[in-house]
Structure formats: structure tokens, C-alpha cells
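See below for the structure under consideration.
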Amino acid sequence: QVQLVESGGGSVQDGGSLRLSCAASGFTSGTFCLGWFRQAPGKEREGVAATCAGADATSWTYYADSVRGRFTISRDNVKNMLYLYLQMNNLKPEDTGMYSCAADLRGHTAGFKWSASESFRYWGQGTQVTVSS
């Protein structure tokens with residue numbers, strides 16, 4: 001059973017930085033995709049960034065145009081736990097929203113759409129990010 005637990009959200013001023021973390025457990029193979037999504041009040045959930053790992057150590061990374069150059073997604077294995085991070089720099093008020101970690105064990109399959117919610121089966125509870133001007 002995959003479980004995802006986010007942390008690191010908070011309130012910052014325009015131009016500030018935050019680092020989100022997601023502790024992921026229950027992964028039984030080296031093939032998976034992990035992503036960060038966000039949802040602002042009154043808006044649809046949108047993909048922020050994603051990273052996938054293939055069986056042959058191939059890796060893919062994706063960013064939404066709105067965050068490319070400001071956000072960095074990364075992952076790390078520590079003591080059989082998989083951690084997903086999102087370093088967010090130069091935050092803007094429009095980055096405000098509930099940020100959720102998502103995972104899927106199918107990996108980077110043909111037709112994989114990293115920014116589509118339906119591409120991910122497992123979801124965390126979310127962590128709030130608020131950027132004030």
C-alpha cells in the first residue's frame with residue numbers, strides 16, 4: 001500500500017522560498033512516477049512538476065511552464081523510504097494553493113500525461129502554500 005505524507009507548506013512573502021517534502025512508502029519496484037499538483041480556491045487542480053523512474057534507471061522530469069526556472073523537483077532514497085521534494089524559489093501570489101504529492105507505480109508508460117490527475121493513483125493529504133504580496 002502506497003502512502004504519501006506531505007510537509008513543508010507555509011506562508012511567505014512575494015519572492016520568498018519554500019521547500020515541500022513528501023515521504024512515500026510502499027514502493028516495491030524501481031518503476032514509478034511522482035508528481036506535485038496544486039489547487040487554488042475556485043480553480044482546477046493543475047500539475048506543477050513530476051519525475052519518473054524507469055526500470056533501466058532512465059529518468060524523466062517535467063515542469064509546468066508557469067514554474068519552470070523557479071521550482072525544482074527532486075527525489076531521494078533514504079533507508080528504504082522514498083522522498084520527493086519541491087524547492088520553490090521566487091514565489092508569487094499566483095503560486096498560492098494546496099499542494100499535493102501524487103504517485104503511480106505504472107511508471108512512464110506510452111501516452112503518459114504527467115500533468116493529468118488521472119495519471120496518478122495515489123495521493124497525499126496536501127499542504128497549504130500561501131504567498132502574499
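No value in this document is a laboratory result; all are computed from the given coordinates. Keep in mind it's a predicted model, so treat the numbers as computed, not measured. Note: ideal-geometry Cβ built from the backbone for every residue, glycine included; neighbour counts use all protein chains shown.
Data for the structure
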item	result
Local electrostatic count at Asp104 - Lys and Arg +1, Asp and Glu -1, tallied over other residues with Cβ under 12 Å	+2
Whole-number percent relative contact order across the chain, with pairs defined as alpha carbons under 8 Å at least 6 apart	36
Estimated FRET transfer efficiency (Arg70, Ser29; beta-carbon r; R0 22 Å; 0.05)	0.10
Those residues of the stretch 89-133 whose amide nitrogen sits under 18 Å from the label point placed on Val78, 7 Å along Cα→Cβ	101
Net charge contributed by nearby residues that have their C-beta within less than 11 Å of Val131 (K/R +1, D/E -1)	-2
Cα-based reach from Lys113 at 20 Å (exclusive), listing aspartates and glutamates while leaving out same-chain residues under 8 positions away	Glu44, Glu46, Asp65, Asp104
Integer Hz, Karplus 6.51/-1.76/1.60 couplings in order for the stretch 33-48, x for Gly and Pro	10, 10, x, 10, 10, 9, 9, 8, x, x, 10, 6, 5, 10, x, 9
Length gained when the stretch Asn90-Lys113 is fully extended (0.36 nm per residue, less Cα-Cα span)	5.6 nm
Gain upon complete extension [Gln13, Arg106; 0.36 nm per residue less C-alpha separation]	29.7 nm
Three-way shape call for the stretch 14-66 based on the alpha-carbon gyration tensor, with the a/c threshold at 1.5	prolate
Environment charge of Glu6, counting only residues whose C-beta is closer than 12 Å and scoring Lys/Arg +1, Asp/Glu -1	+2
Simple Cβ-charge dipole of the chain, Lys/Arg +1 and Asp/Glu -1, about Cα centre, in debye nearest 20	120
Most mobile listed residue (Ala23, Ala55, Ala110) in the chain, GNM with C-alpha springs under 10 Å	Ala110
Anchor Lys92: lysines whose Cα lies under 20 Å away (excluding residues fewer than 8 positions away in-chain)	Lys43
Packing rank of 44-52, 58-66, 72-80, where each peptide gets the mean count of other beta carbons within 10 Å, highest leading	44-52, 58-66, 72-80
